1. Would you grab the residues whose amide H sits under 5 Å from the one on LEU236? Only those 5+ places off in sequence or on another chain, please, with H modelled 1.01 Å from N.
2. Which ordering of ASP225, ASP209, ASP165 is given by a fewest-first count of other beta-carbon atoms within 10 Å?
3. Given H placed 1.01 Å from N in the peptide plane, which residues other than close sequence neighbours of LEU126 have an amide H under 5 Å from its amide H?
4. Residue-wise, which Karplus ³J(HN,Hα) couplings in Hz belong to the stretch 180-192, taking 6.51 cos²θ - 1.76 cosθ + 1.60, θ = phi - 60°, and x for glycine or proline?
5. How large is ³J(HN,Hα) for each residue in the stretch 116-128, as worked out from phi by the Karplus curve 6.51 cos²θ - 1.76 cosθ + 1.60 (θ = phi - 60°), to whole Hz, x for Gly and Pro?
6. Report relative contact order for the stretch 31-125 in percent, whole number only (criteria: Cα-Cα under 8 Å, sequence separation at least 6).
7. Name the residues whose placed amide hydrogens come within less than 5 Å of the amide hydrogen of GLY174, ignoring near sequence neighbours (fewer than 5 apart) on the same chain.
8. Answer with a single label: of (i) 32, 23, 17; (ii) 48, 22, 15; (iii) 28, 19, 18, which was calculated as semi-axes √(5λ) of the Cα gyration tensor in Å from the structure in view?
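No value in this document is a laboratory result; all are computed from the given coordinates. Predicted model only: the values in this text are computed from it and were never measured. Quick reminder, even Gly has a Cβ in these numbers, built from the backbone with ideal geometry, and neighbours come from all protein chains shown.
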Amino acid sequence: MSPRQLATGILTSVMGLLSADDPPKPPESPVVRLCVPLGIQPATTSKLTIRGQRLEGATEVRLTAPGATVKVLESGKANVPNGQNAGRLGDTQVVVEVTVPDDLGRPPLALIVKTPAGESTPHLLLSGAGYIQAEKEPNDGFRQAQAVTIPGTIEGLIERNQDVDVYKLTGRAGQQLRGEIRAWRQGSALDGWLTLYDAHGQQIATADDRPTDSDPVLIATLPKDGAYFLVVSDALDQGGPTHPYRLTVNLAESDQPR
């Protein structure tokens with residue numbers, strides 16, 4: 001046997017021993033990154049799209065609310081638009097039908113996806129506290145602005161690049177408006193931006209990122225009685241199915257002197 005043949009034989013034997021001692025890696029469990037919409041409401045039946053990694057082949061989805069039922073409708077690959085980060089937004093999805101009882105129980109409310117490879121860690125959902133309105137398109141201009149109930153919450157989606165959602169409200173001089181976006185904290189790709197205009201289109205206030213994330217909080221004292229427009233947009237002018245948000249709006253009497 002030549003030296004080369006001997007070396008080859010030894011290498012083959014070593015590789016065989018390594019392979020025999022190296023157990024196969026277990027399959028990775030599914031991961032949930034985002035749910036659209038971001039939350040659910042009591043006493044409703046609705047469709048929910050769950051995005052993440054390794055969600056294809058989901059056999060069961062559970063909701064940590066007593067009496068809730070979840071039916072898996074479909075699962076498979078998910079489009080990742082605009083060159084966004086698939087690791088953050090997910091490249092697979094599960095579509096489910098969720099029926100929720102009147103009582104959601106105590107928070108936190110979470111969702112778990114089960115596949116043959118295992119279960120996901122619980123993904124927190126927003127609950128339906130208070131009056132929640134669904135966004136109604138078209139609402140991308142002052143003339144098409146959607147009237148909102150104050151105080152109230154709107155479930156919305158920035159549907160495409162350069163899309164904006166405009167909401168109309170009525171206030172009195174001296175009232176303080178507080179508008180808050182919850183999106184980034186729930187896994188949404190939305191880099192939220194809030195802008196407040198008066199009835200004549202003059203900008204009153206604007207809000208971008210908070211110190212800890214990309215969810216803005218806008219607080220402004222209304223200068224006069226009348227109509228106002230609160231505009232939701234993406235700071236990067238992006239949009240799509242990964243850009244859901246929940247907008248909460250309140251009005252209170254300001255402590256500032258008039």
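1. ASP191
2. ASP225, ASP209, ASP165
3. Those qualifying (amide H under 5 Å, at least 5 residues apart or on another chain) are GLY39, ILE40.
4. These are the phi-based 3J(HN,Hα) values: 10, 9, 10, 8, 4, 5, 9, x, 5, 7, 5, 9, x Hz.
5. x, 8, x, 10, 6, 6, x, 9, 6, 10, 7, 8, x
6. Numbers: 234 pairs, mean separation 35.3, N = 95.
Computed over the stretch 31-125, the figure is 37 percent.
7. Distant-sequence amide H within range of GLY174: LEU222, LYS224.
8. (ii)
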